[in-house]
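All remarks here apply to the structure that follows.
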Amino acid sequence: MSMDNFWKVTKFTVAQQVKGKAFKISTTIILIAVLILTSLVNFIPAIFGKDDDSKEATNGSKEIGIETAYYMDDSDLKVDLESGLKVAFPNLNFKKATESRESILEKLKTMEDKMVLVSISNENIGYYVEVITPTSDAVSSEDGQILAETISSILNNSRLIKAGVSQEEIGKLSTPINTQVFTAGDEDDTLEDMIIKMVFPMVACMLLFYIIYFYGYWVASSIVAEKTSRVMELLLTSTKPMELVVGKCVGMGFLAITQFASILLTAYISFIGSGAIVKKFIDTSANIFDISTVLGKIPVVQVVLIILFFILGYVLYAIINALVGATISKLEDLNTAIMPVSFISIIGFYLAYAAIMSPESVIGTIATYVPFSAPFYIPSMILSETVGIAQMGISLLILIATIVVLTLFTARVYSVVILHTGNRLKIKDLFTIFNNEK
């Protein structure tokens with residue numbers, strides 16, 4: 001195989017694809033979508049978090065959608081709620097009820113005011129705080145719950161103070177006790193580790209499927225387009241069939257890697273940029289997604305292995321698509337001819353995606369060793385560190401062996417198939433050509 005001819009075909013393929021509107025438009029749309037979606041990871045929590053924080057003043061005061069609260073205290077606690085609630089809710093008008101409970105309840109059924117009734121009473125099992133909101137939607141149940149919890153907290157603190165507990169001790173007693181359940185070996189996992197093991201595998205699976213599937217399709221489409229325009233005949237006057245198919249696959253592969261890298265770079269810039277904007281203009285105390293920390297936790301060996309499986313997966317599907325593209329001579333037959341390959345790739349993707357959810361199952365084993373699903377599945381398992389070296393090695397060998405067999409088959413029939421015109425060749429026709437070729 002002449003390297004000069006190979007590079008000529010590669011450059012020609014890249015130039016033809018880059019000039020096309022479909023490539024430019026699809027790349028632009030993808031990068032814009034990645035830019036928006038990744039930036040929302042930082043913007044949405046910061047904006048909603050700021051809205052929640054705006055309800056909290058620096059002195060611990062809050063804002064709720066209740067203007068007036070009438071209270072009835074039938075308990076024996078004798079706590080001054082007004083002063084405590086004034087600190088918590090400066091805009092709340094908290095009054096002792098002068099009317100009967102029944103009278104106030106009747107008003108709550110018909111009125112549109114932001115008013116509630118608070119009732120504190122003794123029960124057999126303890127004390128009971130009841131907040132009754134209007135029948136209308138003037139006051140939300142969430143605001144009523146916030147008020148009830150605040151009153152309950154004030155009552156509890158007052159009981160502790162009367163029992164001789166200091167404010168400092170009350171603060172310690174009020175500190176929540178957090179619980180968490182870990183699987184053995186995961187107890188030291190940080191948020192970044194969880195993202196790498198849970199989120200990245202699914203994203204990697206979908207992204208690799210997109211790149212491998214669509215660029216494989218474009219290999220077939222490019223070959224058919226050149227056959228219909230007679231460009232193929234001109235190319236074959238100076239290049240051999242295998243130089244042509246390898247050049248086509250490598251050219252599309254170069255574009256695939258370039259687009260893949262541009263997606264990752266756009267996502268990285270978006271995370272960094274949106275984080276900086278959030279810190280400067282929205283909330284200086286916001287927790288942003290630190291992509292640098294996450295990427296720093298992925299070992300270089302894992303990155304190399306992921307790239308290796310990506311390249312091999314692309315080569316596998318590109319060879320099949322190149323062969324399929326050569327079997328037809330009319331562009332309108334492409335979708336029909338490529339349908340079996342599409343089914344194989346889609347089944348491989350869904351098999352890998354299902355295996356990610358349950359890697360220890362039979363589906364996980366099948367996805368590991370089937371060469372059409374391994375390029376989607378193994379990179380995800382490498383990120384989540386749930387694949388053994390032996391499993392990965394066997395999967396890699398099977399994938400390489402499949403590529404070698406397909407390459408030998410394609411090399412033997414391609415010189416005949418590429419010049420074929422007329423009706424689409426079927427699989428049995430390819431085997432007939434393979435047996436007849438020396």
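Structure values in brief
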item	result
Residue 198 vs. criteria surrounded by fewer than 22 Cβ atoms within 10 Å (Cβ to Cβ) and either modelled with pLDDT under 80 or outside any helix (DSSP H, G or I) (or both)	yes
Criterion: at pLDDT 85 or above, of a type in the set (Ser, Thr, Tyr) and under 25 Å from the mean Cα position of the chain (by Cα) - qualifying residue of 28, 68	28
Qualifying position, being farther than 17 Å from residue 64 by Cα, hydrophobic (A, V, I, L, M, F, W, C), surrounded by 12 or more Cβ atoms within 10 Å (Cβ to Cβ) and touching a residue at least 60 places away in the same chain (Cβ under 8 Å), among 147, 108, 155, 160	155
Filter result (part of a helix (DSSP H, G or I) and either over 14 Å from residue 309 (Cβ atoms) or outside the structural domain of residue 310 (by TED's automatic domain parsing) (or both)) within region 350-383	350, 351, 353, 354, 355, 356, 357, 362, 363, 364, 365, 366
Qualifying residue in region 401-416 (condition: in contact with a Gly (Cβ under 9 Å, 6 or more places away or on another chain) and modelled with pLDDT of 90 or more)	no
Hey, residue 344 surrounded by 14 or more Cβ atoms within 10 Å (Cβ to Cβ), over 25 Å from residue 427 (Cβ atoms) and under 25 Å from the mean Cα position of the chain (by Cα) or not	no
Of residues in region 92-148 being acidic (Asp, Glu) and out of contact with any helix residue (DSSP H, G or I) (no Cβ under 9 Å at 6 or more places or on another chain), the one nearest to residue 78 (Cα to Cα)	123
Residue in region 253-296 that is modelled with the lowest pLDDT, counting only those that are part of a helix (DSSP H, G or I) and of a type in the set (Ser, Thr, Tyr)	293
Residue tally, condition closer than 22 Å to residue 248 by Cβ and either part of a helix (DSSP H, G or I) or of a type in the set (Phe, Trp, Tyr) (or both), over region 297-347	34
Test: residue 51 is exposed (fewer than 14 other Cβ atoms within 10 Å of the Cβ), within 30 Å of residue 118 (Cα to Cα) and modelled with pLDDT of 80 or more	no
Filter result (in contact with a helix residue (DSSP H, G or I) (Cβ under 8 Å, 6 or more places away or on another chain), closer than 16 Å to residue 385 by Cα and of a type outside the set (Lys, Arg)) within region 281-328	294, 295, 298, 302, 305, 306, 309
Single match in 204, 220 (criterion: buried (at least 18 other Cβ atoms within 10 Å of the Cβ) and modelled with pLDDT under 80)	204
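The values are calculated or read from the model by the stated rules, or taken from the named source; none is laboratory data. Computed from a predicted model, the values in this text were never measured in an experiment. Methodologically, a virtual Cβ is constructed for each residue, glycine included, from the backbone with ideal geometry; neighbour enumeration extends over all protein chains shown.
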